[in-house]
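First comes the structure, then the notes that go with it.
The values are calculated or read from the model by the stated rules, or taken from the named source; none is laboratory data. Computed from a predicted structure; not experimentally measured. Every residue, glycine among them, receives a Cβ derived from its backbone with ideal geometry; neighbour counts consider all protein chains shown.
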Amino acid sequence: MAEDFLAETLSKGDECFGILDGSTLAAYSWYASQPTRIRPRDLMMQVDERYVYMYKGFTRDAYRGQRLHAIGKTLALQTYMSRGFRGIISYVEFDNVESLKSTRRMGARLFGSIFILGVFGHYLVYRTRGCRKFGVRITWPRPGSDAPSTDAPSPLKFE
């Protein structure tokens with residue numbers, strides 16, 4: 001993991017849940033209750049404050065097929081629900097077939113889609129009705145900040 005990623009993530013209070021096999025980190029995933037960078041890096045994912053956003057799930061090749069993603073996410077869900085959150089929301093890109101399969105296998109349901117078209121730092125963003133229902137939206141940081149902007153010009157978006 002890059003140092004700038006860790007610095008940004010830890011400074012906003014994100015948490016990492018991992019599964020160890022002895023001293024080997026077999027799988028991990030990150031969880032956020034604050035806006036979080038996505039691809040492209042100048043956009044951020046934000047979800048309703050009643051939910052936690054799960055991102056950057058990873059399983060080492062040697063541990064694939066052992067359902068560690070589902071096990072880790074289920075344990076994290078129990079932890080966050082005990083803290084008063086209503087659930088976990090994941091954003092999985094359409095071409096990430098293995099993560100989509102794992103997410104569906106553990107019982108998660110697709111509630112919406114986000115479409116992003118970008119050219120030279122300008123974006124056309126569309127989110128479906130389901131995303132609005134769960135407060136899932138794309139924001140952009142203020143220049144020089146990781147906080148979402150409310151007063152800067154927004155990316156062009158349709159809802």
What's the number of the condition Asp4 fails, among (1) modelled with pLDDT under 95; (2) within 19 Å of Ile88 (Cα to Cα); (3) not aromatic (Phe, Trp, Tyr)?
-> (2)
The lone exception for Asp14 - which of (1) at pLDDT 95 or above; (2) surrounded by fewer than 16 Cβ atoms within 10 Å (Cβ to Cβ) it fails | (2)
Considering the range 17-34 alone, what residues qualify as being aliphatic (A, V, I, L, M) and either closer than 22 Å to Ser90 by Cα or surrounded by 13 or more Cβ atoms within 10 Å (Cβ to Cβ) (or both)?
-> Ile19, Leu25, Ala26, Ala27, Ala32
Test Gly84 against the criterion of being at pLDDT 95 or above, farther than 24 Å from Arg132 by Cα and not in a helix (DSSP H, G or I), and give yes or no.
-> no
Wholly within the range 11-59, which strands (runs of 3 or more DSSP E) include no fewer than the required count, namely at least 2 residues that are in contact with a Pro (Cβ under 6 Å, 6 or more places away or on another chain)?
-> 44-46
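For the range 1-10, which residues satisfy the criterion of being surrounded by 14 or more Cβ atoms within 10 Å (Cβ to Cβ) and without any contact (Cβ under 8 Å) to a residue 60 or more places away in the chain?
Thr9
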Does any residue of the range 11-27 turn out to be of a type in the set (Asp, Glu), under 21 Å from Ile138 (Cβ atoms) and touching a residue at least 12 places away in the same chain (Cβ under 8 Å)?
-> yes
Pairs, first farther than 15 Å from Tyr55 by Cα in the range 82-97, second assigned to a loop (DSSP other than H, G, I, E, B), C-beta under 8 Å, six or more apart = Phe85/Ser33; Phe85/Arg50; Arg86/Arg50
